[in-house]
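Okay, structure first, notes after.
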Amino acid sequence: MEILGYFNYWVFAIVLMIGLYAVIARGNLIKKLLGLSIFQSAVFLMYITMDKVEGGTAPIIQPGAVDQLYSNPLPQVLILTAIVVGVSTTALGLAIVVRIREAYGSIEEADILEEDIYDPEDQKEDPIP
């Protein structure tokens, strides 16, 4: 099979790397969430691509059809469920980012970590003698 026959897999790999790069390299929490969504979309594309059967039809048994090639609908059903879970995860992540913004005043990872670092000089006295 020629290289263009693997077009879906190339698109999957490129989209996956874009999402992974956004999650790892960006400090903005919203950009990280968008990168995670792109990463999830790449995984969905991979599952749908693997499900494709050349010459396959919907698994509806027709009278007189012998040796018919069918496509498996299970991966598509699983991907629909995964899409719902992915959207819910993104919505929850955005809600958490809003709360982080209220608590820290920023959505940049470096600013949040800088504010969270423990400084012994900030502690005046040990509350437990």
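Bear in mind that the values in this text are calculations on the coordinates, not laboratory data. For clarity, every value in this text was computed on a predicted model and none was experimentally measured. Neighbour counts are summed over all protein chains in view; Cβ atoms, including those assigned to glycine, are modelled from backbone coordinates with ideal geometry.
Some notes on this structure:
- Relative contact order of the chain, pairs being alpha-carbon contacts under 8 Å that are 6 or more residues apart, as %: 22
- Among ALA91, ALA22, ALA42, residue whose mean-square fluctuation peaks in a GNM of the chain (springs only between Cα atoms under 10 Å): ALA91
- As a proxy for reagent exposure, ranking LYS32, LYS52 by other Cβ atoms within 10 Å from fewest up yields LYS52, LYS32.
- When the convex hull of its Cα atoms is projected in every direction, mean area for the chain (nm²): 13.8
- Rounded to two decimals, the Cα-based Rg/Rh of segment 1-65, with Kirkwood Rh, is 1.23.
- Around the amide H of ASN28, modelled in the peptide plane, lie the amide H atoms of GLU109, all under 5 Å away and 5 or more residues distant in sequence or on another chain.
- Working note: Karplus 6.51/-1.76/1.60 with θ = phi - 60° gives segment 28-35 the couplings 6, 5, 5, 5, 5, 5, 5, x Hz, where Gly and Pro are set to x.
- A crude spin-label estimate for the pair LEU92 and LEU113, with each label 7 Å from Cα along the Cβ direction, gives 2.4 nm.
- Under-5 Å amide H pairs with TYR70, H placed in peptide plane, nonlocal only: THR57
- Shown in residue order for segment 82-90 are the 3J(HN,Hα) couplings computed by the Karplus curve 6.51 cos²θ - 1.76 cosθ + 1.60 at θ = phi - 60°: 5, 5, 4, 5, x, 5, 5, 5, 5 Hz (x for Gly and Pro).
- Distance in nm between pseudo-label sites at ILE14 and ILE83 (7 Å out along the Cβ direction from Cα): 2.2
- Exposure proxy ranking, count of Cβ atoms within 10 Å, fewest first, for ARG99, ARG26: ARG99, ARG26
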